[in-house]
Structures are given as structure tokens and as C-alpha cells.
Amino acid sequence: MGVGHDVVTLESIDRAIHHLREGGIDLIILDTHDSLGSMSNLVASMNRLVDAPPLLLISDSPTAPEISARIGAAGFLPKPCDDNDVLREINRLVGPIRSTFTMEDEPTDLHRVSALSAVADDSAS
């Protein structure tokens with residue numbers, strides 16, 4: 001989407017579980033057509049973590065809203081949805097991205113960089 005979030009795309013629930021155990025994940029977005037099936041393993045693994053990240057479920061399944069509530073998803077988007085819908089939910093769940101500034105030893109070496117992970121915007125409070 002080009003808005004400052006680092007995205008890791010994994011093609012299987014098993015790889016997602018492995019990556020989740022390594023930590024450093026702010027949000028899990030599960031885009032699925034599956035009603036419950038393989039997502040049960042992911043949710044069970046998340047429930048064993050002390051600081052599990054929130055889960056955003058995106059699905060076109062007619063049973064998805066009920067499943068979303070049953071698994072404790074922090075957010076749900078029905079398909080079809082567009083990038084703006086997804087970004088709005090990401091910002092709601094992990095906070096908006098804000099630009100940060102870093103300085104080298106010399107003040108003339110000011111570099112603008114984007115935050116690599118979501119950082120809540122303190123000025124919004």
C-alpha cells in the first residue's frame with residue numbers, strides 16, 4: 001500500500017504460526033475464504049502467546065462475522081473491501097504511521113525516514 005507499514009506475506013498458516021512465535025508482529029491480517037478450518041490453528045497459537053497481536057479478519061464467507069466474534073478478532077472487514085477500508089482498520093488497531101526524523105553526528109545530515117512499525121500519533125490525543 002505504500003503507507004509506511006512493513007508487510008510480511010505468508011502463504012500458509014503453519015508459516016504464519018512460526019513467524020508469530022518469533023515476535024515483532026503488530027497485527028495479523030487474515031484474508032480468507034475458509035469459514036473456520038485452518039484458522040483454528042492460528043488462533044490457538046495466538047492464544048498461547050503472552051502478548052498476541054490483534055487479528056483482523058477479511059472474508060467473503062457468509063459465516064465470517066460470527067466466526068470473527070467467536071475467535072475474538074479485533075476487527076472484521078467483509079469482502080469486497082478496498083485498500084482504504086483495510087488501512088482504516090489497520091490505523092484503528094495499531095495506530096497511524098507518523099514520520100520520524102533521525103540525526104547523524106552532523107546536523108547537516110538530517111534524514112527523513114518512515115517508522116518501520118506502527119507508532120501511535122501522540123498529537124492526536
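The values are calculated or read from the model by the stated rules, or taken from the named source; none is laboratory data. Note that the structure is a prediction, hence the values are computed from the model and not measured. Counting neighbours? That spans all protein chains shown, and the Cβs are built from the backbone with ideal geometry, glycine included.
Within the range 95-115, does at least one residue satisfy the condition of being surrounded by fewer than 17 Cβ atoms within 10 Å (Cβ to Cβ) and modelled with pLDDT of 85 or more?
The answer is no, given that none of the residues of the range 95-115 is surrounded by fewer than 17 Cβ atoms within 10 Å (Cβ to Cβ) and modelled with pLDDT of 85 or more.
So which strands (runs of 3 or more DSSP E) are wholly in the range 25-83 and hold at least 1 residues that are modelled with pLDDT of 90 or more and small (Gly, Ala, Ser)?
55-59, 75-78
Mind telling me which of the residues Leu56, Leu49, Leu42, Leu87 ends up being touching a residue at least 40 places away in the same chain (Cβ under 8 Å) and either surrounded by fewer than 19 Cβ atoms within 10 Å (Cβ to Cβ) or not acidic (Asp, Glu) (or both)?
After applying the criteria, what remains is Leu87.
In the range 13-35, how many are out of contact with any strand residue (DSSP E or B) (no Cβ under 6 Å at 6 or more places or on another chain) and under 15 Å from Leu57 (Cα atoms)?
7
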